[in-house]
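For reference, the structure discussed in these notes is given below.
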Amino acid sequence: CPQSPRSPVSPPPGVPAGPRLYKEPSAKSNKHIIHNALAHCCLAGRVNEPQKNRVLEEVEKSKANHFLILFRDGSCQFRALYTLGGDPPELSRLAGVGPRTVPLPMVEGIYKYNSDRKRFTQIPAKTMSMSVDAFTIPGHLWQPRKPGTPKKPSTPK
């Protein structure tokens, strides 16, 4: 008995299969998640608009599939955007303020973005994977700010 070239479940060519509620991510990218995290959480609001637009422009220009946000600490304050790659794997800064590269052993905490709640939650794991959307590094890796000019003492009134 010869097999039919088309399975009986799939519609004929050119006929849509109905509404697709789930869109299969292409090449396992978190670009959309990072876009939402920046727009609704990390860099939300008009005051952050110029920085948000610069960072999103870098995301669009990049050929990377996986992006990670660097936080200053557990308070989830945006500092930079990184991509994961290389051999040995390391994080490379794409935009923002922070070390140019971060070796994976230097990652302190890892976070996942929850699109529904529009916030990040810390993951109790230490392994960098495609489910990680943000990370922190130990405080000593942040370069201390250069001392500015001392403020003049205020004159008593």
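The values are calculated or read from the model by the stated rules, or taken from the named source; none is laboratory data. Just so it is clear, the structure is predicted and the values come from calculations on it, not from any experiment. So basically every Cβ, Gly included, is an ideal-geometry build from the backbone, and we count neighbours across all protein chains shown.
Does the range 104-122 include one or more residues that are surrounded by 12 or more Cβ atoms within 10 Å (Cβ to Cβ), more than 21 Å from residue 41 (Cα to Cα), in contact with a strand residue (DSSP E or B) (Cβ under 7 Å, 6 or more places away or on another chain) and among the β-branched types (Val, Ile, Thr)?
yes
Could you list, in sequence order, the residues of the range 61-77 that are loosely packed, with under 14 Cβ neighbours inside 10 Å and in contact with a Gly (Cβ under 8 Å, 6 or more places away or on another chain)?
Answer for the range 61-77, where residues must be loosely packed, with under 14 Cβ neighbours inside 10 Å and in contact with a Gly (Cβ under 8 Å, 6 or more places away or on another chain): just 74.
Spot the failing condition for residue 60; the list is (1) modelled with pLDDT of 90 or more; (2) over 21 Å from residue 141 (Cβ atoms); (3) among the acidic types (Asp, Glu); (4) more than 13 Å from the chain's Cα centre (by Cα), and only one is missed.
Among (1) modelled with pLDDT of 90 or more; (2) over 21 Å from residue 141 (Cβ atoms); (3) among the acidic types (Asp, Glu); (4) more than 13 Å from the chain's Cα centre (by Cα), the lone unmet condition for residue 60 is (4).
When the residues of the range 123-134 are filtered to those that are under 15 Å from the mean Cα position of the chain (by Cα) and β-branched (Val, Ile, Thr), which remaining residue is surrounded by the most Cβ atoms within 10 Å (Cβ to Cβ)?
If we take residues in the range 123-134 being under 15 Å from the mean Cα position of the chain (by Cα) and β-branched (Val, Ile, Thr), then 132 is surrounded by the most Cβ atoms within 10 Å (Cβ to Cβ).
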